[in-house]
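To start, the structure under review is shown below, and the notes come after it.
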Amino acid sequence: MGDTLAKFYESELIFKQLPEDQYTVALTISQQMANNCKDVLLKNAIGAVEDMKAGKLTPRWRQVAETVTVMAGTVGGWGDDYGRASGAHAIHDALTIFPETAPHLHGAKVAYGILVLLAIEDQEDDIKDLLPFYRALGLPTNLAEVDLGHTSEADIEKVAEAAADPSTQMHFVPTEKPVTAAVVREAIATVEQVSAKVAI
């Protein structure tokens, strides 16, 4: 679910900055599917997980399952360069440098990456809005929850440098300033601070 949620957050700015005369039917479909991914998950994911744990096959469980397995693929399928993975996946990839993060699923690390991406985009309110949802689903909201709670500043720098490397998907994020290691490092610190401030 974290990976599917990223379909919206990774493409949102890209679509917002796309000139109206460049929109095609395919891109309109891609953007709508990205919006749908977010809307379906925020509305139904918590209940769907409860249904799954209770062994109940319900319409909301089916809708969430189909959103993850069917709808998510249409974002990149129709959107191509505009609906591709970007900053959240770059954070995921950087986290995998550390073997401590190996037990955490791809989607969990991408979910954490969404928070860092939002911090890079100066969308602190969106981080605050997502935190209760993340906590209800057990998605990581800070470094400790990906088993990097006692990471040194030097190791955080390694994550930042890896995520900001020119070869990564981070540079698909259409920010006004380049996303450097310093920007990523500051974003990680912001997520730590916001996560700590927002009550569990």
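The values are calculated or read from the model by the stated rules, or taken from the named source; none is laboratory data. Please read all numbers here as calculations on a predicted model, not as lab measurements. All Cβ positions, glycine included, derive from the backbone under ideal geometry; neighbour counts span all protein chains shown. What goes into the accessible areas is simple: the full protein's heavy atoms, side chains included, and nothing from ligands, DNA or RNA. Shrake-Rupley method; radii C 1.70, N 1.55, O 1.52, S 1.80 Å.
Just to be sure before I move on: is GLN123 open to solvent by 80 Å² or more (accessible area, probe 1.4 Å), among the polar types (S, T, N, Q) and on the phi < 0 side of the Ramachandran plot in the structure I sent?
Considered against the rule, which asks whether it is open to solvent by 80 Å² or more (accessible area, probe 1.4 Å), among the polar types (S, T, N, Q) and on the phi < 0 side of the Ramachandran plot, GLN123 comes out as no.
Checking the structure you have, find out if any residue of segment 47-55 is open to solvent by less than 40 Å² (accessible area, probe 1.4 Å), farther than 19 Å from ARG84 by Cα and among the acidic types (Asp, Glu).
Yes, that holds for at least one residue.
Would a scan of segment 56-74 turn up a residue that is part of a helix (DSSP H, G or I), open to solvent by 80 Å² or more (accessible area, probe 1.4 Å) and within 21 Å of ASP129 (Cβ to Cβ)?
Scanning segment 56-74 turns up at least one residue that is part of a helix (DSSP H, G or I), open to solvent by 80 Å² or more (accessible area, probe 1.4 Å) and within 21 Å of ASP129 (Cβ to Cβ).
Does GLU20 meet the test of being closer than 19 Å to LEU117 by Cβ and of a type in the set (Asp, Glu)?
When the stated conditions are applied, GLU20 does not pass them.
Considering segment 79-91 alone, what residues qualify as being buried (at least 22 other Cβ atoms within 10 Å of the Cβ) and either in a helix (DSSP H, G or I) or under 8 Å from the mean Cα position of the chain (by Cα) (or both)?
Residues satisfying the conditions are GLY79, TYR82, GLY87, ALA88, HIS89, ALA90, ILE91.
Please determine, by comparing only the residues of segment 2-40 that are touching a residue at least 12 places away in the same chain (Cβ under 8 Å) and more than 23 Å from GLY107 (Cβ to Cβ), which one is farthest from the chain's Cα centre (by Cα).
ALA26
Just the residues that are in contact with a helix residue (DSSP H, G or I) (Cβ under 6 Å, 6 or more places away or on another chain) and free of Cβ contacts under 8 Å to residues at least 24 places away in the same chain, please, taken from segment 82-115.
HIS92
Could you tell me which residue of segment 6-43 is surrounded by the most Cβ atoms within 10 Å (Cβ to Cβ), considering only residues that are in a helix (DSSP H, G or I) and of a type in the set (Phe, Trp, Tyr)?
Residue satisfying both the conditions and the ranking: TYR9.
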